[in-house]
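Presented below is the structure to which this report refers.
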Amino acid sequence: MNDWFTIDKIDANTYVISEYHHLEETHCYLLNGNERSLLIDTGVGISNIYDEVINLTDKPVTAVATHIHWDHIGGHKYFSDFYVHSAEMDWLNCKFPLPLETVKEMVVDHCALPDDFDINNYELFQGVPTMVLTDKNIIDIGGRQIEVLHTPGHSPGHCCFYEQDRGWLYSGNLIYQGCLDAFYPSTDPLAFMRSLEKVKALAPRKIFPAHHQLDIPASLVEEVSDAFQSLYRQGKLKQGNGVFNFGEFQIHI
Ligand SMILES: [Zn+2]
Ligand SMILES: [Zn+2]
């Protein structure tokens, strides 16, 4: 039994694994290459994503995270081969900036938990990556190359992943329809704005977000970037200023 995950096929070799039963509505992406598969984010860790992934690929799987927040690394424990950006390596080694109790509250918040899930057993994933990522690294999975784009702001080691030949951008928490968060101490609104400029310059043809609505227009990158720039020009892009509403998305700083 498992109706926790919803799986959608993007094309013959690409799947999105979504968790609609949790408020975060996290999306993980499985990219199948000729030699191995890349799993971008592993979800909130409430249900076992590994059991889904092995039905979608017969290749070895490497896991990466757009960033080391609980809702993106929940299933990392199932993958011994995982990469992390250098700026968040410490977060996998006892230095995560939030206490476990706070994370546990977010895990169960507004969530229809499966019967067999016990929050008392929930732990923040800790581990040693098989490779440390830096900006512009290329992950080659065989016939498919994925570029690492360091895009700090939501977190210091946040990365987007980009398939240049398709123009596909896996945007993590940098771009989605919903509330974009840069209000807590480990975030950086100015870096967020610069990361958006960096990604906008690539003119991606398709954006695959980490949360909420899946089918979003590629033009959202420009809209979010313009919104950050307008806040900046007005002198408002400072932490503590609250939530700014732009219709399809909000910016919380
Ligand atoms: Zn996050
Ligand atoms: Zn997130």
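Here the label points at residue 136 and residue 252, each 7 Å from Cα along the C-beta direction, are separated by 3.5 nm in the simple model.
Projecting the Cα atoms of 18, 65, 32 onto the charge dipole of the range 18-75 (Cβ charges, centred on the Cα centre) puts 32 farthest toward the positive pole.
Restricting to the chain, what percent of DSSP beta bridges are antiparallel, rounded to 5? Write down the numbers at each step before the final one.
Details: 30 of 46 bridges.
Percentage antiparallel, nearest 5: 65.
Under a Gaussian network description of the chain, with springs only between Cα atoms under 10 Å, the residue in 40, 119, 146 that fluctuates furthest is 119.
Can you list the trypsin sites (Lys or Arg not before Pro) in the range 167-253 that are in a DSSP coil and have 14 or fewer other beta carbons within 10 angstrom? Before the final figure, lay out the partial values.
Working: sites: 194, 198, 200, 205, 206, 233, 236, 238; in loops: 205, 236, 238.
Those that pass, being in a loop and sparsely packed, are 205, 236, 238.
Which of 80, 195, 47 ends up with the largest GNM mean-square fluctuation for the chain, with Cα atoms connected below 10 Å? The residue with the greatest mean-square fluctuation here is 80. Between 36, 166, 144, the residue with the greatest mean-square fluctuation in the GNM of the chain (Cα pairs under 10 Å linked by springs) is 166. Three semi-axes describe the equivalent ellipsoid of the chain; taken as square roots of 5 times the Cα gyration tensor eigenvalues and ordered largest first, they are 26, 22, 18 Å. Note on residue 194 and residue 10: the model spin-label points, each 7 Å out from Cα along the C-beta direction, lie 2.7 nm apart. Calculated from the alpha-carbon coordinates, the range 59-163 shows an Rg and a Dmax of 14.8, 43 Å respectively.
Just give me a number: lysine pairs in the chain, eight or more positions apart or cross-chain, with C-alpha atoms less than 16 Å apart.
On the way: 9/206; 136/198; 136/200; 198/206.
For the chain, the number of qualifying lysine pairs is 4.
Considering helices alone, the calculated mean residue ellipticity of the chain at 222 nm is -4500 deg cm²/dmol, with DSSP H runs of length four and up weighted by -39500 (n - 2.57) and normalised per residue. When both bridge partners sit in the range 1-127, DSSP labels roughly 75% of those beta bridges antiparallel.
On full extension of the chain, what length is gained from residue 51 through residue 186, given 0.36 nm per residue of separation minus the C-alpha to C-alpha distance?
Values: separation 135, 0.36 × 135 = 48.60 nm, distance 3.28 nm.
Going from the current span to full extension adds 45.3 nm.
So, R0 is 41 Å and r is the distance between the beta-carbons of residue 238 and residue 58; what FRET efficiency does that work out to, to 0.05?
So the FRET efficiency works out to roughly 0.25.
Values in this text are rule-based calculations from the coordinates and carry no lab data. These numbers come from a predicted model, not from an experiment. Glycine gets a Cβ as well: all are built from the backbone with ideal geometry, and neighbour counts include every protein chain shown.
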